[in-house]
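The values are calculated or read from the model by the stated rules, or taken from the named source; none is laboratory data. Bear in mind the structure is a predicted one, so any value in this text is a computation, not a measurement. In this analysis, Cβ positions are derived from the backbone assuming ideal geometry, glycine residues included, and neighbour counts consider all displayed protein chains.
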Amino acid sequence: MSRLLVAQRYAKALLQIGEKHDSVTGLAQELDAIVALVKSNPDLERLCLYPLIAPSRKAAAFDEVLRLAGAGETIRRFFTVVAKAARLNLVYELAIAFNDLVDKHRGILSAEVTSAHQLTEAQLNNLKESFSRRTGKQMRFALSQDPGLLGGLKIQVGSTIYDASLKGRLRMLRARLLSA
């Protein structure tokens, strides 16, 4: 079973717990803080990722770290279950899967926007408004730049790519000319 699929199952369970206790936002913030803590501490990252430490020892050590960091009881219990199931190595995938589920729960759709040049606030707002109307959902954009596009932009929403770049249009024009 793929790592992301396993992480999605755990994330779904955490989301259900959060919905039951009306604490989804708090759990998302705590989970992001835990991921930042793990990334910033090489020893803690090794604890999570190293496969030869017994799951029960990992669970106890990680719980103590979370307790000292001020994590809530729900998130501590969740990670105890995850660690005892020998899945603490999925800490990064858990955060990604949980945040995706929270976005879906809130009606937020994520998209990757690649532009030739940095977008202005007005352009970004127009783009969000246009895609919100098209999809009926709020949009969250991850922005990047690629000067190789020459001009315009590419937007990827899920598996759909909208290519409004100059490079893409030139490629389409070339294909039309060669097929004519």
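Inspect region 90-110 for any residue being touching a Ser or Thr at 6+ places or on another chain (Cβ under 9 Å) and closer than 16 Å to Ile155 by Cα and give the result as yes or no.
Yes - at least one qualifying residue is present in region 90-110.
Asp32 versus (1) crowded, with 19+ Cβ neighbours inside 10 Å; (2) closer than 28 Å to Ser144 by Cα; (3) out of contact with any Asp or Glu (no Cβ under 9 Å at 6 or more places or on another chain): which is the lone unmet condition?
It is condition (1) that Asp32 fails.
Quick check on this structure: which one of Arg46, Arg77 is closer than 20 Å to Gln8 by Cα, of a type outside the set (A, V, I, L, M) and over 15 Å from the mean Cα position of the chain (by Cα)? If you could, list the steps in order and put the result at the bottom.
On the way: Arg46 fails: closer than 20 Å to Gln8 by Cα.
Exactly one of Arg46, Arg77 is closer than 20 Å to Gln8 by Cα, of a type outside the set (A, V, I, L, M) and over 15 Å from the mean Cα position of the chain (by Cα), namely Arg77.
Of Leu94, Leu153, which residue is surrounded by 14 or more Cβ atoms within 10 Å (Cβ to Cβ), in contact (Cβ under 8 Å) with a residue 40 or more places away in the chain and not assigned by TED's automatic domain parsing to the domain that holds Asn41?
After applying the criteria, what remains is Leu153.
Hey, which of the helices (runs of 4 or more DSSP H) in region 88-180, taking only ones fully inside, have at least 3 residues that are of a type outside the set (Lys, Arg) and in contact with a helix residue (DSSP H, G or I) (Cβ under 6 Å, 6 or more places away or on another chain)?
Because the criterion is at least 3 residues that are of a type outside the set (Lys, Arg) and in contact with a helix residue (DSSP H, G or I) (Cβ under 6 Å, 6 or more places away or on another chain), the helices (runs of 4 or more DSSP H) in region 88-180 that meet it are 91-106.
Which condition number in (1) under 27 Å from Thr25 (Cα atoms); (2) exposed (fewer than 11 other Cβ atoms within 10 Å of the Cβ) is the one that Lys104 fails?
(2)
Criterion first (exposed (fewer than 13 other Cβ atoms within 10 Å of the Cβ), in the same structural domain as Phe79 (by TED's automatic domain parsing) and modelled with pLDDT under 90) does Pro42 satisfy it?
No, not satisfied.
Scan region 62-82 and give yes if some residue there is in contact with a strand residue (DSSP E or B) (Cβ under 7 Å, 6 or more places away or on another chain), surrounded by 15 or more Cβ atoms within 10 Å (Cβ to Cβ) and part of a helix (DSSP H, G or I), otherwise no.
Checked region 62-82: no residue is in contact with a strand residue (DSSP E or B) (Cβ under 7 Å, 6 or more places away or on another chain), surrounded by 15 or more Cβ atoms within 10 Å (Cβ to Cβ) and part of a helix (DSSP H, G or I).
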